[in-house]
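See below for the structure under consideration.
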Amino acid sequence: MASSKPVLTISSKNYGAWALRGWLMCRLAGLDFVEKVIPPDDPAMKAEMLLLSASMLVPSLQHGSVKVWDTLAIGEYLNEIKPKAGLLPADIKARAHCRAICGEMHSGFGSMRGALPMNIKARFPNFKIWSRAQTDIDRIALIWRECLKAYDGPFLFGKEPSMADAMYAPVVTRFMTYDVALDRACAAYCKRIVELPAMQEWIEAAKLEPEEIDELDAEF
């Protein structure tokens with residue numbers, strides 16, 4: 001008998017930044033879902049993770065007759081069906097701020113993404129970061145510091161993780177992989193994100209993935 005649970009389609013857990021965002025949102029919302037994993041050697045998935053695809057095929061959430069495939073749309077949908085989870089802040093001003101920084105992550109920071117592709121299993125000590133990528137990193141660190149100060153942490157919008165934390169979680173893994181220098185507040189924030197039980201689950205699964213996308217290491 002087919003599962004009646006919502007189905008989240010994702011790609012590689014080691015390389016799939018967008019997959020992590022959608023998956024973590026579902027976890028933070030408390031949605032009881034099953035995973036459908038598209039093999040990372042699938043040509044469409046490979047193109048997407050190499051930033052060569054204009055269409056974001058994953059994550060995609062099928063919930064009954066509802067299908068949502070854009071990460072921000074998934075977050076908004078989860079907030080509607082699971083409002084008590086607090087994916088978006090209750091306060092209208094904080095909620096607008098949260099949406100703004102989520103949107104900035106969704107559409108920006110292309111230099112950082114290209115120069116520092118997500119690769120949880122890899123470590124590159126003293127990685128040379130080019131200036132455009134560093135500009136993106138500096139902007140992200142500023143966003144984090146402003147949010148942590150405005151909402152008293154330990155997460156971007158207060159005491160519990162939100163949609164914003166899910167959107168920036170892949171950045172946290174990138175900063176770890178490429179040994180990015182951070183101030184104390186941002187380093188502590190990264191540590192808190194990595195220590196989330198859901199993030200630990202994702203990271204452990206990523207470490208078990210076979211090496212299938214050699215182009216990612218060769219490209220950058």
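The values are calculated or read from the model by the stated rules, or taken from the named source; none is laboratory data. Because the structure is a prediction, the values reported are computed rather than measured. In this analysis, Cβ positions are derived from the backbone assuming ideal geometry, glycine residues included, and neighbour counts consider all displayed protein chains.
Figures for the structure shown
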read-out	value
Among residues of segment 79-115, those that are farther than 20 Å from Leu142 by Cβ and in contact (Cβ under 8 Å) with a residue 60 or more places away in the chain, counted	5
Unique residue being without any contact (Cβ under 8 Å) to a residue 24 or more places away in the chain and either within 22 Å of Leu78 (Cβ to Cβ) or not assigned by TED's automatic domain parsing to the domain that holds Lys13 (or both) when the list is Ala133, Ala205, Ala166, Ala122	Ala133
Restricting segment 118-132 to residues that are more than 21 Å from Val194 (Cβ to Cβ) and not basic (Lys, Arg), the residue that is surrounded by the fewest Cβ atoms within 10 Å (Cβ to Cβ)	Ser131
Boolean, Ala218 is at pLDDT 95 or above and either in the same structural domain as Trp18 (by TED's automatic domain parsing) or among the aliphatic types (A, V, I, L, M) (or both)	no
Candidate set from segment 67-107 (those that are among the small types (Gly, Ala, Ser) and part of a helix (DSSP H, G or I)); member that is surrounded by the most Cβ atoms within 10 Å (Cβ to Cβ)	Gly75
Arg192 vs. criteria modelled with pLDDT of 95 or more, among the basic types (Lys, Arg) and either over 28 Å from Ala94 (Cβ atoms) or within 15 Å of the chain's Cα centre (by Cα) (or both)	yes
